[in-house]
Amino acid sequence: MTEAERIESAAADWLARRDSGTWTDADQQKLDAWIAESITHRVAWLRLASVWQRSDRLSVLRAPPFLAGASTNTPYTPDTPPPIRIPLPAPASATGPRTAPPQRLSRFSTQRIAAGLLVVAAACSWLGWRYTQDWQSEHYATAVGARQSVALPDGSVLTLNTATHVRAVVNGSGRKVWLEDGEAYFDIAHDKAHPFVVIAGDRRITVLGTRFLVRRQGEQVNVTVEEGRVQIASAQASKEVAPTVITRNQAAVASPNSVLVMSKAPKQIDDELSWRQGRLVFDQTTLGDAAAQFNRYNTRKLVIADPTVARIRIGGSFEANNMSGFVALLKQGFGLAVQDSGNEIRISN
């Protein structure tokens, strides 16, 4: 089931539960929270609720004659629900009062209705476009501590690091990947006619053929180029900011309002990419930063309780998933105290 189908199914379930006769205030609060989660939830709910309401009206219009006040010979029993009688207007007599002619809507009212219809049409069009994008895309994700290589139809290869989620649309009309969360290494096949675009948060990264690394941490996006060149620009067309171009052995740290560019030695980049072999390489790295790296690859977390200990500098190559071995080396090499509470390992003096 696609994401679009899942949202439609959830909206239908909410409608069915609301009309089941057991609806509570708590249910209404849960529904309001679900609708508020995203615009796609709201549009799906409004569209299905409108269809549901129209179907109710049609069922009344097509009801049997006895519902409209006509007589019926069906005997009434305790198990028979009482008929709902809808009073009909009495026929107008020649001497009776004349009914008032129907009032026309004011121009202001019709404009409001037209505006509302335009809003609904625009929302449905936008939702349809988003659903079309989702149907065309492929989703790839890794769990904490896992890695995955993905071969795309154009010959490009993505390598996903720990806890990463990407969405890709690669076909004859274009090549585009959304880095929703985490970190990925891109080895892009050269195609001058179809630039490869990566959307990471507020940043749009465009390349022709190159090898580079992108990591997304909330609103911050880190880009490191191993080979070739990439262009970093705002993903929002409304922002008129000059793009930034970085080349081999350069890196950029992009936030919503700035881009910081720096040069890196080839060994630094090799160390940064060592996760592709399942290793973490540290060179005069503080213990606090090393612990943060290990925490990305493990469900158990390292906690450095002492700020002095966090500033200790270490070096070496370690297996990313072997936290216990790393902690044992800290205990033996630095004489640090270790307290293991199951999901958390605390390091102190």
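The values are calculated or read from the model by the stated rules, or taken from the named source; none is laboratory data. Predicted model only: the values in this text are computed from it and were never measured. In this analysis, Cβ positions are derived from the backbone assuming ideal geometry, glycine residues included, and neighbour counts consider all displayed protein chains.
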Problem - Residue identified as among the hydroxyl-bearing types (Ser, Thr, Tyr) and either surrounded by 14 or more Cβ atoms within 10 Å (Cβ to Cβ) or under 24 Å from Val225 (Cα atoms) (or both) among Ser341, Ser263 - result: Ser263
Fill in the blank from the handout: the stretch 294-349: strands (runs of 3 or more DSSP E) wholly inside it with 3 or more residues that are closer than 16 Å to Leu280 by Cα are 313-319
Problem - In the stretch 143-193, the residues that are assigned to a loop (DSSP other than H, G, I, E, B) and within 22 Å of Asn322 (Cβ to Cβ) - result: Ala143, Val144, Gly145, Ala146, Arg147, Asn161, Thr162, Ala163, Thr164
Practice task
Please determine, by comparing only the residues of the stretch 243-291 that are assigned to a loop (DSSP other than H, G, I, E, B) and at pLDDT 95 or above, which one is nearest to Phe326 (Cα to Cα).
Solution key: Gly278
Completion exercise
With criteria (1) in contact (Cβ under 8 Å) with a residue 60 or more places away in the chain; (2) in the same structural domain as Ala200 (by TED's automatic domain parsing); (3) charged (D, E, K, R), Arg296 comes up short on (2)
